[in-house]
1. How are the C-alpha pair distances of segment 224-327 spread across 10 Å bins, as whole percents from the shortest bin up?
2. In the chain, which helices (entire DSSP H runs) extend 20 Å or more along their own long axis, judged by Cα positions, while averaging at least -0.5 on the Kyte-Doolittle scale?
3. Listed highest first by mean packing, meaning other Cβ atoms within 10 Å per residue, what order do 61-67, 295-301 come in?
4. Taking square-rooted eigenvalues a ≥ b ≥ c of the alpha carbon gyration tensor, is segment 51-143 rounded, prolate or oblate, where a/c under 1.5 means rounded and, failing that, a/b exceeding b/c means prolate?
5. Only helical DSSP H runs with n ≥ 4 go in: add -39500 (n - 2.57) per run for the chain, normalise by residue count and round the 222 nm mean residue ellipticity to 500 deg cm²/dmol.
6. Answer rounded, prolate or oblate for segment 15-78, using the Cα gyration tensor with square roots of eigenvalues a ≥ b ≥ c: rounded when a/c is under 1.5, else prolate when a/b is larger than b/c, else oblate.
7. Write down the Å³ per residue value for the convex hull defined by the alpha carbon atoms of segment 45-101.
8. Please give me the summed charge of the neighbours of VAL265: other residues whose Cβ is under 9 Å from its Cβ, Lys and Arg +1, Asp and Glu -1.
Amino acid sequence: MLNVERANAVPGSLQGHASAPGKIILCGEHAVVYGRPAIALPLTGIRAHARITGSAPGSGIRFNAPDMGRRWLLSTTPGDPLSELTLTTLQRLGITGMPDVEITITSDIPIASGMGSGAAIATAIVRALAGAFGRDLSAEEVSSLVYESERQYHGTPSGIDNTVIAYERAIWFQRRSEPPHLIEPLPMTASFTLLIGDTGVRSATRLPVGEVRRRWQEDPARYETLFDMVADVVHQVRRALAEGNPMALGPLLNRNQDLLEQIGVSSPHLERLIAAARAAGASGAKLSGGGWGGVMIALVEPDAAMQVRTALLEAGATRVLETTIGE
Ligand code: PMV
C-alpha cells in the first residue's frame, strides 16, 4: 500500500477523459501463459471509458462505476484493485498528494467474458489520470501499470491482455521469463470478419487459468506437448495472415479449439455455439480467452455472416458482435 496523504498542490479544475478498447485472442490462449506465442486483436469499436472531474476540496478520490452498480471512496476501500491502480499510477506520474477527483467508469465491454473488460477499464483509468495531470505515458508504461493490476484478478496473467489493449493494435505476444516480453505488431495484409458469440456464462479467467496450472503440475509432459501443438497452430496462423490468406485460418482455428478442449477449458455452452457456427457456414470457430464461458469467435465470409449470426442466436448466444480486422 502506498502512503495516502492529503495534498493541496493539485488544482481543483482537473479534467480528463480516456478510453480503451476490448480485445479478443485470435489463437494461443492458455499456452501463452507458458511462454508460447499468441495473437490478440483490439476491438476498437467496443470500449471502456474513464472520466475524471475535479471535486470539492477535501473530498479525496471517489469512484463511480454505474455499469457495475458501484460507488466507493479510495480512502475507505484502498485495497480495491482500481484504488490500488490509481495510487500506483499517481505515484508513477510523480503526483505526491491526494487529488480531489471523481473517476467515472463506464464500459460497453461485457465483464468476465474473455473480451478484456478489466484490462480495458484499468487502461482507461491510467490514460485519463495521465491526461488530467498533463503527463504522457508510453503504451509500454500504461501496459506495465495495468499488468500489475491484472495480477490481482488473474493470478498469473501472461500479459497479453494489457499489451494488446494498451498498444491498441494486432499483436504477436510471447511471454519471456523476465520482461521485456516479445511484442510484435502484426500487419494485416487482408481483411477478414469475425463474429463474436457470447455464451452469457460469466467466467473469471483466473479459475480456468488456475485449473490448467494444477493439471500442468500433475502432468507436465502432456501439457507441454499440448502447448507446443498450440504454438505450432499460432505460427501457421501468422503465416496465413502474412500471406494475405485469411480464409486459411478457418481449419487452424478449429484445430486450436480441439487443443483447448484437450487442455480442459472449453464447455458445453461454448461447444454448442461453435458447432452451430460451423454448421451455418463459418470457416472456423473456437473459444476465445479464458474459456469455461465467455465468448467464442467464428471466422465468416461476409456473405455468410447473417446466417451464422442467426444460428448463434438460435443456439443460445446472448449477443453476437461483428468485427472486421484489417480494414
Ligand atoms: O482475459 P481472458 O479471459 O481473455 O483470458 C486471457 C488469456 C489467457 O491466456 C487464458 C490468460 C492469460 O493471462 O494469458
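The values are calculated or read from the model by the stated rules, or taken from the named source; none is laboratory data. Not measured: the values here are computed from a predicted model. Cβ sites come from the backbone with ideal geometry, for glycine too, and all protein chains shown count toward neighbours. With ligands, DNA and RNA removed, areas are computed over all heavy atoms of the protein, side chains included. Shrake-Rupley method; radii C 1.70, N 1.55, O 1.52, S 1.80 Å.
1. 16, 47, 32, 5
2. Numbers: long enough: 117-132 (22 Å, 1.43); 139-154 (21 Å, -1.01); 220-242 (33 Å, 0.09); 249-263 (21 Å, -0.27).
Those that clear 20 Å and a mean of -0.5 are 117-132, 220-242, 249-263.
3. Details: 61-67: 17.0, 295-301: 27.0.
Highest mean packing first, the order is 295-301, 61-67.
4. Details: a/c = 1.80, a/b = 1.17, b/c = 1.54.
Note, shape of segment 51-143 comes out oblate.
5. Values: 9 runs with 125 residues, N = 327.
Result for the chain, helices only: -12500 deg cm²/dmol.
6. Working: a/c = 3.32, a/b = 2.23, b/c = 1.49.
Verdict is prolate for segment 15-78.
7. Values: hull volume 6.1 nm³, N = 57.
Here the figure is 107 Å³ per residue.
8. Details: positive: none; negative: GLU29, GLU211, GLU261.
That sum, taken over residues with Cβ under 9 Å, equals -3.
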